[in-house]
Amino acid sequence: MSEKARVAIFDTTLRDGEQSPGCSMNLGEKMLMARQLDELGVDIIEAGFPIASEGDFEAVRAVAAEIRRPIIAGLARAIPGDIDRAWQALRKAARPRIHVFLATSDIHLKYKLKITREQCVKQIAEAVRMASTFCPDVEFSPEDATRTELEFLCTVTEAAVEAGATTINIPDTVGYTMPQDYTRIITAVRERAELIRPVVISAHCHNDLGMAVANSIAAVEAGARQVECTINGVGERAGNASLEEFVMATRVRRDVLPYETAIDARQLYPASQLLSEITGVSVQPNKAIVGRNAFAHEAGIHQDGVIKNPLTYEIMTPQSVGVPDNRLVLGKHSGRHALARHCERLGYQFERRDLDRIYKRFVALADQIKTVEDRHLLAIIREDITTSVVPVFAEGKTAGLGRAAGTS
Ligand code: KIV
Ligand code: ZN
């Protein structure tokens, strides 16, 4: 396969992510998260929306002052007060970026902004020009781009490029687009912008129809070279494209997705955990890559396969994304093989006949409770030991019962 194209990861956990219910963070929490994002290797951290509040301003300023490797972006509406405030927050950054946005769809122009298309183009050009006087790195986002008439979208993005924008972001603000639509939109905007000069085209997808990562991939295939995403997919309403899902799709399916990011995948799970810990918003158990069940196997056939060779039911290793270990969950679908593994991990090896007896007790309990945890299994073993069997200690393992079971 030919050389891989590099895709920049623009993390907006601290801005769009923070806008989701329950995800607001104070300054100290934002700093912890920003350090973790730096460790993860993201290219751009959108640290906040400085005009939104004093807290947001201070957070952007603090992130900009401390985090030196990635670009630090601050969001601003296309109005002078916002742009000025964003620059005040960003001026200490080693690599600042002002991110200017203005809605461009007819529904937003008519009902929200109450301006004409002509006024919209003029406002965009003036705002981008003003931002460019502060710093050379300016991103422009036509909000609700995917519901904007395509010819008008090309007109506004051309105006932004001519005024000095270096990145053109195409937000699917309401999570409405489909991969084939987004491909067409990104291609048209890119081709028209490139007639003026080279710029980076960026994808920003919301997940209202569950398409955010698929749409981001479609954008990259159409020539976008920046993807805006968040840890755990947090963000407005149904959230943004999940960073971990996009990155791992390009790693696991490198055969069909020849794109490279600078992400250290082993930091994905720690980043996910940190965000949940800070916000108190837990990740759904079946969430891809970082959910509690993403590497858990309960069905007996699956457990048996994973024990023999993890590749039977795992397309990536838990370790590759920083998950400490895969989890063989003991439930009513588990088989003897998995039960024996768990017993060994707890310090016990059983002969076949003894294991059969333990297994019977285990199945009876698993029928009553969903998941059999270590403490339940230890209770079963303890009960079995006191009534009948003399187990053989697994070599080098501890009993876990507080006494040497073999001597009782
Ligand atoms: O979804 C959106 O349109 C945004 C813009 C501000 C980029 O978040
Ligand atoms: Zn958004």
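The values are calculated or read from the model by the stated rules, or taken from the named source; none is laboratory data. Owing to the predicted nature of the structure, the values given are computational and were not obtained by experimental measurement. Here Cβ is always computed from backbone atoms with ideal geometry, including for glycine, and neighbour counts include all displayed protein chains. The accessibility values were calculated without ligands, DNA or RNA, using every heavy atom of the protein model including side chains. Shrake-Rupley method; radii C 1.70, N 1.55, O 1.52, S 1.80 Å.
Results, tabulated for the structure shown:
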item: Within straight-line cross-link reach of K308, lysines at Cα separation under 27 Å, skipping those fewer than 8 residues along the same chain; result: K287, K332, K360, K370, K397
item: Point-to-point label distance, I79-D374, nm (Cα→Cβ direction, 7 Å offset); result: 5.6 nm
item: The stretch 219-244-the stretch 250-288 distance, computed between alpha-carbon centres (Å); result: 12 Å
item: Calculated SAXS-style log₁₀ I(q)/I(0) at q = 0.12 Å⁻¹ - the chain, Debye, Cα scatterers; result: -0.91
item: Theoretical gain in end-to-end length, V281 to R6 [0.36 nm per residue, Cα-Cα removed]; result: 95.8 nm
item: Between the stretch 90-167 and the stretch 41-79, the Cα center-to-center distance that results, in Å; result: 18 Å
item: With Cα atoms, 0 to 90° folded angle of helix 243-252 axis to the chain main axis; result: 70 degrees
item: By average C-beta atoms within 10 angstrom, highest first, the peptides 231-241, 363-373; result: 231-241, 363-373
item: C-alpha long axis of helix 374-387 to longest principal axis of the chain, angle in °; result: 0 degrees
item: The chain, dipole about Cα centre (Lys/Arg Cβ +1, Asp/Glu Cβ -1), debye to the nearest 20; result: 900 debye
item: Computed lengthening from R254 to K122, 0.36 nm per intervening residue step minus Cα-Cα distance; result: 43.3 nm
item: The chain - percent of accessible surface contributed by carbon and sulfur, probe 1.4 Å; result: 52 percent
item: Expected 222 nm ellipticity per residue - DSSP helices of 4 or more, -39500 (n - 2.57), all of the chain, to 500; result: -13000 deg cm²/dmol
item: Length-normalised contact order for the stretch 3-279 - Cα pairs under 8 Å, 6+ apart - percent; result: 21 percent
item: Sites E162 and A238, calculated FRET efficiency, Cβ-Cβ separation with R0 41 Å, nearest 0.05; result: 0.75
item: Per residue solvent-accessible surface (Å²) - the chain, probe of 1.4 Å; result: 44 Å²
item: Beta bridge orientation in the chain: antiparallel %, DSSP, nearest 5; result: 10 percent
item: Paramagnetic reach from E149 (point 7 Å along Cα→Cβ, amide N under 20 Å) across the stretch 92-122; result: 102-122
item: C-alpha long axis of helix 212-221 to longest principal axis of the chain, angle in °; result: 60 degrees
item: Ranked by how many other beta carbons lie within 10 Å on average, peptides 274-283, 141-150, 111-120 from highest; result: 141-150, 274-283, 111-120
item: 18 Å Cα-Cα reach of K122 towards lysines, excluding residues that sit fewer than 8 places from it in its own chain; result: K110, K112, K114
